[in-house]
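J.: Structure in structure tokens, see below.
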């Protein structure tokens, strides 16, 4: 109940006209940067950070975090309409969101995305409100072996639960792992695969790759097939929104499962990306007709969006409580906190109550206001689809290029993006899944570092991955998931999963 | 409070600016290049300077912080090298300018850049978990007696933290397994979570967990104690931490924080930035920051700076060679 009182105090701090206006401004700016592919949350927050130097910390963080919420909502728009994920965790949203848009169900997909984002963050904020002290001590339990186990779990769930041919998933993942190795190796302090090029020093940026793999390759495919973006039925009204909401209770298991995965992975630093993929894969695994995923199923939007936003929100907790940013945007917010003289750490919750609870209260308000704001503007965004493809395509390419350039201010990244566009095109043509490739590119480095640090610490003993209950159960779960097809077949023979197998055929 | 600070800032600005550089000032936004990730010590310092310059109106053009922490900071070095003649980029450098070219064979030499000023010196402290040994002697004894080597967390491989670990091994005879993390913040939380036994973080990197009573400073790697005497925790100030030499482990290392322009800029451009950063060191923001992060204030420029850099380079080179970290 103490948390409740503090939260009320937070609302009291927040409810001044000045803060509310800043909140709206932040949300609108955020949606705007979110809609531009590649610009996204981190860049938006970084660009606007200096504006807040003269504000008091609470107003400043409220405005910045609202830019963040806005960008999160906005990021779903490009994923669904153009198959271009703005943030790493929007990748899984494209799997079903984009097909839905192509079938003329863009408005439905957008509504689903916004609603599930809202639900995901709401669950996470509730968690933060009531469990903050406990969670930060949970996050401290994560050393190198635990981190590696989580990454392993993500990789294994992809191979074991994915519906694509296993060998293709593994090939795609291995290529991603290979490219993730380019650049400086933290553990040995040596350069790898840079071939003396200064441009390759910093490695291959994940977002640059994603913009190319998904955005540019999509444009290439559409050009080849002479398809227009089909958006005739995108004219929506309150009716579509309400009909999606009416169906919500049907998907409560998916929503709850994804929220849980999101919160769990969000508080383990860096887990937000893994969460969206895992949420999607599990929804697919437990669905009655897994084959229909990837072809425009609304659950395929609900699952990753809920998980991503639950984790994106709960990722702020380790940032505040431990000073470990869980995402790029959180890292920039962290920089902001320091400028305002607030040092994230265990004492922040004790010494700066106003600030912390003001921020938490702003998560509630920002999400509600944000949801209303994006829902009322859905028709505007959906109408982009009615513009002729010939006019939209060049604009998308240009904004992709700007996005790729802006990440590191490097011209080389634009060439890299185009290169990845071709790679993505080839992958799609030969029916190799792109998702494992992207996943490996994001997590490859961290997984490798975590593994090698575990090995240094244990003196090369693999038993370290079963050295305590936490790491042991995650590792075991990972191996079970990897071998799931075999286990499934075995159980099927005994007759346990007969029912699901027949219904799935 | 604000007004007097601004007034002082403006007054010093007037006094210093008039005769010194009538010649040149930036015509484009100026970029502070950070050779580390978001939230690290360099980033924090860059943001402090950004705020100090903006709040005190030290420059007409806006100033932006640009993070180039890729490849353990090598990205920033190459970026500065390729920016020859561009007076709108300033690098906030630290010991990586000596170490990276040696360990990873990065084709970079700080002599190709234009030195502006040394603005601070950063300390290193030996820390352990607050549940661990209480003194350096107990710590060393425990490390020697341990069945598996003590784990020492640090930032990056073959860099200052790693060098210090090697010298700690040499002076004490204890063995450590060094775990290179991506940032000092990560090394701090890993120590708190008991995943490592110790680290050699800068004061700023462990400040918050120290205040929360989760870690204990054992000794500072300098010939004298840190000068700040106001209480940081309930019972201790920075000055209460003994030097490692006092505790019988004679290992010393200080790390520079210095500003550089790209090569081939004009003397007028260089002079502008020397003045600018001199004015920054006069601001309240700078002084607060130095005390809070327990940095040693210093301001070197011109010949003094070059002499300092040459000596520092030689010291780092011999340390790296002795530790066996120089790539063949």
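All of the numbers you see were taken from the coordinates with simple rules; none came from a lab. Everything numeric in this text was worked out from a predicted model, so none of it was measured. Glycine gets a Cβ as well: all are built from the backbone with ideal geometry, and neighbour counts include every protein chain shown.
J.: Direction-averaged shadow area of the convex hull around the Cα atoms of the range A:63-180, nm²?
T.: Values: hull surface 40.1 nm².
Reported value for the Cα convex hull: 10.0 nm².
J.: Please compute the contact order of the range B:40-159 in relative form: average sequence separation of alpha-carbon pairs under 8 Å and at least six residues apart, divided by the residue count, as a percent. Mind showing how you got there, number by number?
T.: On the way: 52 pairs, mean separation 21.4, N = 120.
Computed over the range B:40-159, the figure is 18 percent.
J.: With angles folded into 0 to 90 degrees, how steeply does helix B:136-145 sit against the dominant principal axis of chain B? Use alpha carbons for both and round to 10.
T.: Approximately 50 degrees, to the nearest ten.
J.: Given the rule -39500 (n - 2.57) for each run of at least 4 DSSP H residues, summed and divided by the residues of chain A, what is its mean residue ellipticity at 222 nm, to the nearest 500 deg cm²/dmol? Intermediate results must be reported in sequence, preceding the final value.
T.: Working: 24 runs with 365 residues, N = 505.
It lands at -23500 deg cm²/dmol.
J.: Now for a separate question. Return the calculated 222 nm mean residue ellipticity for chain B, to the nearest 500 deg cm²/dmol, obtained by summing -39500 (n - 2.57) across DSSP H runs with n ≥ 4 and dividing by the residue count.
T.: On the way: 11 runs with 139 residues, N = 328.
Counting only the DSSP helices, I get -13500 deg cm²/dmol.
J.: Can you classify the range B:31-128 as rounded, prolate or oblate using the Cα gyration tensor, where a ≥ b ≥ c are the square roots of its eigenvalues, rounded means a/c under 1.5, and otherwise it's prolate if a/b beats b/c and oblate if not?
T.: Values: a/c = 1.88, a/b = 1.19, b/c = 1.59.
Cα axes put the range B:31-128 in the oblate bin.
J.: Let me ask something else. Counting only other chains, and only Cβ atoms inside 10 Å, what mean value do you get across the residues of B:196-204?
T.: Partner-chain Cβ atoms within 10 Å, mean over residues of B:196-204: 1.
J.: If you bin the C-alpha pair distances of the range B:79-127 every 5 Å from 0, what whole percents do you get?
T.: P(r) for the range B:79-127, in whole percents per bin: 4, 15, 26, 22, 17, 9, 4, 2, 1.
J.: From the P(r) of the range A:135-201, could you give the percentage of C-alpha pairs in the tail past 15 Å?
T.: I get 69 percent for the Cα pairs in the range A:135-201 exceeding 15 Å.
J.: Looking at the protein assembly as shown, what % of its DSSP beta bridges pair antiparallel, to the nearest 5?
T.: Beta bridges within the protein assembly as shown, antiparallel portion: roughly 55 percent.
J.: For chain B, take the longest principal axis of its alpha carbons; what is the angle in degrees between that and the long axis of helix B:302-323, to the nearest 10 within 0 to 90?
T.: 30 degrees
J.: Measuring from label point to label point, each 7 Å out along Cα→Cβ, what is the residue A:412 to residue B:246 span in nm?
T.: Going by the 7 Å Cα→Cβ label model, 4.8 nm.
J.: Then there is this: Compute the whole-percent fraction of alpha carbon pairs in the protein assembly as shown spaced more than 46 Å apart.
T.: When every Cα pair of the protein assembly as shown is considered, 23 percent fall beyond 46 Å.
J.: For residue A:18 and residue A:3 in the same chain, what is the full-extension length gain: residue separation times 0.36 nm, less their Cα-Cα distance, in nm?
T.: Between residue A:18 and residue A:3, full extension yields an extra 2.9 nm.
J.: How far apart, in nm, are two points set 7 Å out from the Cα along the Cα-to-Cβ line at residue A:247 and at residue B:142?
T.: Here the answer is 5.9 nm between the modelled labels.
J.: Kirkwood hydrodynamic radius (Cα pairs, Å) of chain B?
T.: For chain B, inverting the mean 1/r across all distinct Cα pairs yields 20.6 Å.
J.: With 5 Å bins from zero, work out the P(r) of the range B:187-297 over every alpha carbon pair and list the percent per bin.
T.: Going from the shortest bin to the longest, the percentages are 2, 10, 17, 18, 17, 13, 9, 7, 5, 2, 0.
J.: Follow-up. The range A:256-311: Rg/Rh from Cα coordinates, Kirkwood Rh?
T.: That ratio equals 1.00.
J.: For all pairs of alpha-carbon atoms in the range B:125-240, what percent lies in each bin of width 5 Å, listed from the first bin to the last filled one?
T.: So the P(r) values, bin by bin, are 2, 12, 23, 26, 20, 12, 3, 0.
J.: Cβ neighbours within 10 Å, averaged per peptide: list B:76-84, B:42-50 in order, most packed at the top.
T.: On the way: B:76-84: 21.6, B:42-50: 24.8.
Those peptides, ordered most packed to least, come out B:42-50, B:76-84.
J.: What shape does the range A:351-410 have by the C-alpha gyration tensor, where a ≥ b ≥ c are the square roots of the eigenvalues, rounded means a/c under 1.5, and otherwise prolate means a/b greater than b/c and oblate the rest?
T.: oblate
J.: Can you sort A:352, A:167, A:309, B:195 by how many other beta carbons sit within 10 Å, fewest first?
T.: Numbers: A:352 21, A:167 10, A:309 34, B:195 25.
Starting with the residue having the fewest Cβ neighbours, the order is A:167, A:352, B:195, A:309.
J.: Among A:164, B:160, A:146, A:224, which comes first, then next, by fewest other beta-carbon atoms within 10 Å?
T.: A:224, A:164, A:146, B:160
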